[in-house]
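Below: one structure, written as C-alpha cells.
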Amino acid sequence: MLTFEKLYSMGHEEVVFFSEPSCNLKAIVAIHDTTLGPALGGTRMWPYATIDEAVEDVLRLSRGMTYKASVSGLNLGGGKAVIIGDPKKDKSEALFRAYGRFIESLNGRYISAEDVNISVNDIDHIYTETNYVCGIDKASGGSGNPAPYTALGVFRGMQASVQKVYGDKSLKGKTIALQGVGSVGLELSRLIHEDGGQIIFTDINEDNIQKMKAEIPNAEYVNPDAFYDVNMDIYAPCALGATINDETIPRLKCKIVSGAANNQLKEDRHGQILKERNVLYAPDYLINAGGLMNVSIEFEGWNDAKSRRMIDTIFDTTLDIFAIAENQNIPVNEATDVLAERRLDSMKKIQTTYLGRGSDHRFPGTKVRHNKL
Ligand code: NAD
C-alpha cells in the first residue's frame, strides 16, 4: 500500500494518479527526485493485477531513473509512469491523448518517453497534447528508436571492461555470449562483430534468431538451457533482468558481465559474489543509458553526432567506477550508487526541486547538457 512512510523511505517527491473513465485510463506518474532537473522516464503499459503492484513498479522504476540520470551526468531528474491496462486490447487514441493532457498539467516536472509496450505511435498521440514527451518519431523532429544508441553505450561499457581486464579495449579474439538478440542485442552484435569479437547467442524468438543468423552468419546459436555453460569471455545479458543469481553464477565461466538488461543482479549481494569470483561487472544502469542520453538531446535539437559524442563518455565513466570500486574495495554496483549519490548530494546543497515551466514552452527550461562527473 502507498504510504507517506514508503515515500519518505524511497525519497519520492510526488506520486500522481490520473483517471479518465470514458477511455478507461488508469495511470500513475511517480516523480522521484528533481534536484538535477525535470524528471524524465518512460511510460510502461502493463496489465497489473492490483494497484499495489503498479505502485511498487512505478516507485522502483522512477528511483532507478534518478540514479541513471545522475551517474550519466545528465541534468535530469528521475520519474516513470505506468498505465494499467492490456496493451493488446486497451490502447486507443483517446486514452493516450487524455494521458497527454494530464502530463501537460504537471507543467514540465515530468517528461515521458517509450517504455515496455509503448510505441512511437502512442508517443505521437501523447505529443498531440503535450510537449513534455520525447522519443518522438524522426519524421516529427524527434530522435526515433533509441535501441541503436543504447547498444552503442553498452558497447563502450564493454570496451572499458575489456580494457580493465585485458589492458586493451579491442574485442578481437574474445568470445561474447549474448542473451537476447532483440532491438538492442542485434545492434550490439553488429558493433561486436565489426570489432572482431566472436559471438555465441541465444534467444526464444524464432524470427529474431533467424534475423541474427542472416546478419552475422558466423555467430553460433545455443539454446537457452545450455547458454550459461558455454565457454565465454564476456556474458552480455540483453533480454531479462535478475539473470545473475545463485543458480547462474556458479555456471558462468566469463571474466566480464556487460549487457543492456536492467537490474541484472537479482539481489545486491550478487555484486559482491561476482567480485569474490573475480568477474568484472559493468554497471548496468550506466552502460545502458545511451537511449536516455539520446532522447535528452531532443531538448536542444536532436543531432546524431552530438548524441554519439555524449554516449562515448560511457567508456570513461565506466573506468572511473571501476577505479572507485577498486580503491574502496567495494563491488561495482555499490561504487555506481556512490558516484550517483555523490553528485545528487552535492547538487542538493545548491538546488531545490524543479518547479516546471509554462505550458507554452517546448523545452523544460533546464539545459539538459552532459556534465563531466
Ligand atoms: P526486445 O524485446 O527487443 O529484445 C529482447 C529479446 O530477448 C527478444 O528477442 C526476446 O525474444 C529475448 N528473450 C526474452 N526472454 C528470453 C530468454 N528467456 N532467453 C533468451 N532470450 C530471451 O528488448 P530490447 O529493447 O532489445 O531490450 C533488451 C533489454 O535491454 C531489456 O532488458 C530492456 O529493459 C533493456 N534496455 C533497453 C533499452 C532500449 O533502448 N531498448 C534501454 C535500456 C535498457
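Of the residues Ile330, Ile199, Ile126, which exhibits the maximal mean-square fluctuation in a Gaussian network model of the chain defined by a 10 Å Cα contact cut-off?
Comparing Ile330, Ile199, Ile126 in the GNM, the peak value goes to Ile330.
Multiplying the sequence separation of Thr128 and Ile350 by 0.36 nm and subtracting their Cα-Cα distance, what value in nm do you get?
Taking 0.36 nm per residue and subtracting the Cα distance, the gain is 76.4 nm.
Sequence gap at least 6, Cα distance under 8 Å: using those rules, report the relative contact order of the range 79-233 to the nearest whole percent.
15 percent
Across every pair of different alpha-carbon atoms, what Kirkwood hydrodynamic radius in Å does the range 147-337 reach?
Answer for the range 147-337: a Kirkwood hydrodynamic radius of 16.5 Å.
What is the distance in Å between the Cα centres of the range 215-238 and the range 147-189?
13 Å
Tell me the angle of helix 147-166 to the major Cα principal axis of the chain, expressed in degrees between 0 and 90 and rounded to the nearest ten.
40 degrees
Are there GluC sites (Glu not before Pro) in the range 1-103 that DSSP puts in a loop and that have at most 12 other Cβ atoms within 10 Å, and which ones?
none
Calculate the dipole size of the chain relative to its Cα centre from +1 charges on Lys and Arg beta carbons and -1 charges on Asp and Glu beta carbons; express the result in debye to the nearest 20.
900 debye
Can you give me the C-alpha center-to-center distance between the range 321-340 and the range 1-25, rounded to a whole angstrom?
Between the Cα centres of the range 321-340 and the range 1-25 lies a distance of 32 Å.
Full extension from Asn121 to Ala49: what is 0.36 nm times the residue separation minus their Cα-Cα distance, to one decimal in nm?
The Asn121-Ala49 span can extend by a further 23.3 nm.
Taking N as the number of residues in the range 1-154, what is its alpha-carbon radius of gyration divided by 2.2 N^0.38 Å?
After normalising by residue count via 2.2 N^0.38 Å, the value is 0.99.
If contacts are Cα pairs under 8 angstrom and at least 6 residues apart, what is the relative contact order of the range 147-337 in percent?
Relative contact order, the range 147-337: 25 percent.
Could you please state how large a percent of the accessible area of the range 256-326 is carbon and sulfur, counting protein chains only and using a 1.4 Å probe?
Within the range 256-326, the accessible surface is 45 percent carbon and sulfur.
Cα axis of helix 93-105 to longest principal axis of the chain: angle in degrees, 0 to 90, nearest 10?
80 degrees
Less than 13 Å Cβ to Cβ from Val181, Lys/Arg counted +1 and Asp/Glu -1: what total charge do the surrounding residues give?
-3
From Cα pairs below 8 angstrom and at least 6 apart in sequence, can you work out the relative contact order of the chain, rounded to a whole percent?
For the chain, the relative contact order is 19 percent.
Could you pull the accessible area for Thr3 with a 1.4 Å probe, rounded to 10 Å²?
Probe radius 1.4 Å; accessible area of Thr3 about 50 Å².
Once every Cα of the range 16-63 carries one equal point scatterer and solvent is ignored, give the base-10 log of I(q)/I(0) from the Debye formula at q = 0.16, 0.23, 0.25 Å⁻¹, two decimals.
Each listed q maps to, in turn, -0.49, -0.90, -1.01.
Distance cut-off 27 Å, Cα to Cα: go down the list Lys6/Lys266; Lys266/Lys349; Lys6/Lys26 and report the pairs above it.
Among Lys6/Lys266; Lys266/Lys349; Lys6/Lys26, the Cα-Cα distance tops 27 Å for Lys266/Lys349.
In Å, what is the Rg of the alpha-carbon atoms in the chain, and how long is Dmax?
Rg and Dmax of the chain, Cα atoms, are 20.2, 60 Å.
For the chain, modelled as a Gaussian network with Cα springs under 10 Å, which listed residue fluctuates most, Lys275, Lys164, Lys211?
Fluctuation is largest for Lys211.
When the chain is modelled as a GNM with alpha-carbon springs shorter than 10 Å, which of Ser22, Ser161, Ser119 fluctuates the most?
Greatest mean-square fluctuation among the candidates belongs to Ser22.
Taking only DSSP H segments of four or more residues, each worth -39500 (n - 2.57), what value at 222 nm results for the chain once the sum is divided by all its residues, to the nearest 500 deg cm²/dmol?
That comes out to -12500 deg cm²/dmol.
Restricting to the chain, what percent of DSSP beta bridges are antiparallel, rounded to 5?
Once the DSSP bridges in the chain are tallied, antiparallel ones form about 35 percent.
For Asn231 paired with Gln328, estimate the spin-label separation in nm (one decimal), with each label point 7 Å from Cα along the Cα-to-Cβ line.
3.8 nm
Relative to the longest principal axis of the C-alpha atoms of the chain, give the angle of the C-alpha long axis of helix 120-129, reported between 0 and 90° and rounded to the nearest 10°.
In the chain, helix 120-129 runs at an angle near 30 degrees to the longest axis.
Can you give the FRET efficiency for Glu220 and Ala94, using 1/(1 + (r/R0)^6), R0 = 41 Å, r = Cβ-Cβ distance, to the nearest 0.05?
Rounded to the nearest 0.05, the efficiency is 0.30.
The values are calculated or read from the model by the stated rules, or taken from the named source; none is laboratory data. Here the structure is a predicted model, which is why all the values come from computation and not from measurement. Quick reminder, even Gly has a Cβ in these numbers, built from the backbone with ideal geometry, and neighbours come from all protein chains shown. We work out accessible area using only protein heavy atoms, side chains counted, and drop any ligands, DNA or RNA first. Shrake-Rupley method; radii C 1.70, N 1.55, O 1.52, S 1.80 Å.
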